[in-house]
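Just below is one structure, and these are the notes that go with it.
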């Protein structure tokens with residue numbers, strides 16, 4: 001690895017190969033999975049903006065990545081189907097199934113997510129090079145490119161990997177601008193922040209907190225090598241802030257369609273965004289704000305961003321039905337993400353990553369250096385924010401931005417251990433540490449191969465029965481329904497009773513005659529029960545605990561056969 005790093009050309013080639021590896025592993029799962037729960041809605045929202053110029057579906061998420069996801073199907077001939085908003089799932093289902101090109105449209109939509117996965121892998125290298133140097137950065141990049149949870153979500157037409165990638169890009173741009181103060185870096189910062197916010201609104205707290213960490217460290221850290229830091233004129237910094245703000249506004253305006261509008265006029269006396277910001281009926285700024293926006297046009301993106309923030313706040317305050325250790329709650333758990341990362345992360349990456357981040361933090365404190373300390377503090381800040389403030393506990397996918405930081409920590413620790421082994425005379429301790437390092441490398445490599453194609457529902461050895469810990473998008477996101485239809489056909493099942501939660505259109509799937517299991521309904525013959533359905537209504541399926549599933553379809557659907565003699569009726 002260090003030999004490769006000596007040549008910039010070979011390093012670039014290595015990064016590109018690692019990006020291709022991660023994207024190739026993701027793409028290799030496309031033919032296995034049917035669409036997951038959220039994919040239709042993301043496709044629908046992007047398609048409506050491309051086809052009709054409207055953005056009405058699930059506005060709590062901005063459109064930038066959704067445009068990328070919808071672009072491939074749109075170029076292949078898919079069009080909006082006119083289902084009413086705000087729920088975009090029926091519209092997305094109609095797009096996918098409507099013209100008989102389900103596989104083509106879904107594949108093209110998922111292909112739109114691959115550039116973001118490649119960006120995430122690239123940003124791991126750039127951050128790693130900044131902190132560790134080229135050789136260790138390549139090792140961190142390899143770890144990111146082969147992490148199951150990143151591959152699994154990078155294979156889907158969803159927003160989680162795009163959000164992680166653009167947030168890392170924005171934080172990197174903040175670091176560059178703080179270090180240089182140049183106007184070109186300020187412009188890059190604005191573009192990067194616009195991309196991140198335009199992808200997912202979680203970028204606002206994530207980039208905000210990360211930016212505060214970087215700003216604080218910039219003010220705290222000692223000048224490099226004892227040299228005086230070059231003074232930057234306040235006017236230059238102020239100009240950079242203005243330039244970055246204009247760039248953010250430009251990106252968001254373009255993402256939402258580029259229209260400039262008056263928020264109120266003589267026929268529209270009320271605007272939801274203005275009401276949310278300045279009061280719906282009265283308030284100290286209500287009347288001035290309405291008078292101002294009746295005379296000054298603004299990008300339509302303004303009201304969509306404000307509406308998205310409002311929708312997200314309402315969603316978070318109301319919570320979301322989630323599952324942990326057999327318990328259902330709507331307002332989440334403070335320790336949800338601790339458990340989720342503990343069981344969804346390969347153990348070598350988790351243990352070495354945390355230890356490496358701790359070592360980086362210690363190095364930063366001792367050397368009074370901002371860069372080594374930045375990533376550990378960003379990791380802690382984002383993790384703490386999600387754990388304390390998020391009531392939407394529906395998957396580790398909301399913290400994918402932390403995985404490249406773990407990879408950088410693990411790479412740093414590995415390089416430190418190798419250096420220590422070179423300096424220490426061979427002995428029992430040295431050989432023991434070397435053996436552990438080799439075993440960790442082998443185990444980490446195995447996690448890139450053994451779970452295929454089930455990267456999405458991957459759990460480590462701490463969770464031999466993952467359905468007892470997490471379900472939702474961590475285990476069952478509806479992805480295995482295609483496998484179920486293929487298996488039922490192979491078994492020549494004449495009829496099946498289904499308990500399924502997902503967004504598949506059962507009437508258009510290749511199913512034998514079926515019935516949906518109702519409350520307290522028991523059945524005989526062939527029965528298929530998904531873990532998500534069992535999670536949402538465990539009392540309905542307790543009677544099945546007396547029977548052993550015939551087989552597990554994928555990782556998330558139990559298939560039973562109960563002969564008439566075993567009738568539970």
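Structural remarks
- Of the criteria (1) in contact (Cβ under 8 Å) with a residue 40 or more places away in the chain; (2) in a loop (DSSP other than H, G, I, E, B); (3) within 24 Å of residue 332 (Cα to Cα), which one residue 464 fails: (1)
- Residue 503 meets the conditions (1) touching a helix residue (DSSP H, G or I) at 6+ places or on another chain (Cβ under 6 Å); (2) within 18 Å of residue 339 (Cα to Cα); (3) assigned to a loop (DSSP other than H, G, I, E, B) in every case but one. The failed one is (2).
- Among residues that are in contact with a helix residue (DSSP H, G or I) (Cβ under 8 Å, 6 or more places away or on another chain), at pLDDT 95 or above, under 20 Å from residue 71 (Cβ atoms) and crowded, with 23+ Cβ neighbours inside 10 Å, residue 92 is included.
- When residues in the stretch 386-438 are screened for being at positive phi and at pLDDT 95 or above, 0 of them pass.
- Number of the exception - residue 364 against (1) surrounded by fewer than 17 Cβ atoms within 10 Å (Cβ to Cβ); (2) more than 25 Å from residue 145 (Cβ to Cβ); (3) touching a helix residue (DSSP H, G or I) at 6+ places or on another chain (Cβ under 7 Å); (4) modelled with pLDDT of 90 or more: (1)
- Members of the stretch 49-72 found to be over 15 Å from residue 160 (Cβ atoms), at pLDDT 95 or above and assigned to a loop (DSSP other than H, G, I, E, B), listed by number: 63
- In the set 446, 452, only one residue is part of a loop (DSSP other than H, G, I, E, B), under 30 Å from residue 352 (Cβ atoms) and within 27 Å of the chain's Cα centre (by Cα); that residue is 452.
- Taking (1) part of a helix (DSSP H, G or I); (2) modelled with pLDDT of 95 or more; (3) touching a helix residue (DSSP H, G or I) at 6+ places or on another chain (Cβ under 9 Å) in turn, residue 24 satisfies each apart from (3).
- Filtering the stretch 546-555 for residues that are at pLDDT below 85 and surrounded by fewer than 17 Cβ atoms within 10 Å (Cβ to Cβ) leaves an empty set.
- With respect to the conditions (1) assigned to a helix (DSSP H, G or I); (2) modelled with pLDDT of 90 or more; (3) farther than 30 Å from residue 140 by Cβ, residue 372 falls short on a single one, namely (3).
- When 380, 371 are screened for being out of contact with any strand residue (DSSP E or B) (no Cβ under 8 Å at 6 or more places or on another chain), surrounded by fewer than 24 Cβ atoms within 10 Å (Cβ to Cβ), closer than 22 Å to residue 170 by Cα and free of Cβ contacts under 8 Å to residues at least 40 places away in the same chain, only 380 passes.
- Set side by side, the residues 96, 138, 122 differ, and just one is under 17 Å from residue 170 (Cβ atoms) and either assigned to a loop (DSSP other than H, G, I, E, B) or out of contact with any strand residue (DSSP E or B) (no Cβ under 6 Å at 6 or more places or on another chain) (or both), which is 122.
- Comparison of 292, 336 shows that the only residue that is under 30 Å from residue 131 (Cβ atoms) and free of Cβ contacts under 8 Å to residues at least 60 places away in the same chain is 336.
- Restricting the stretch 290-327 to residues that are under 23 Å from the mean Cα position of the chain (by Cα) and part of a strand (DSSP E or B), the residue that is surrounded by the most Cβ atoms within 10 Å (Cβ to Cβ) is 323.
- Of all residues making up the stretch 506-536, the number that are outside any helix (DSSP H, G or I) and surrounded by 15 or more Cβ atoms within 10 Å (Cβ to Cβ): 13
The values are calculated or read from the model by the stated rules, or taken from the named source; none is laboratory data. Because the structure is predicted, anything quoted here is derived from the model rather than measured. Neighbour counts are summed over all protein chains in view; Cβ atoms, including those assigned to glycine, are modelled from backbone coordinates with ideal geometry.
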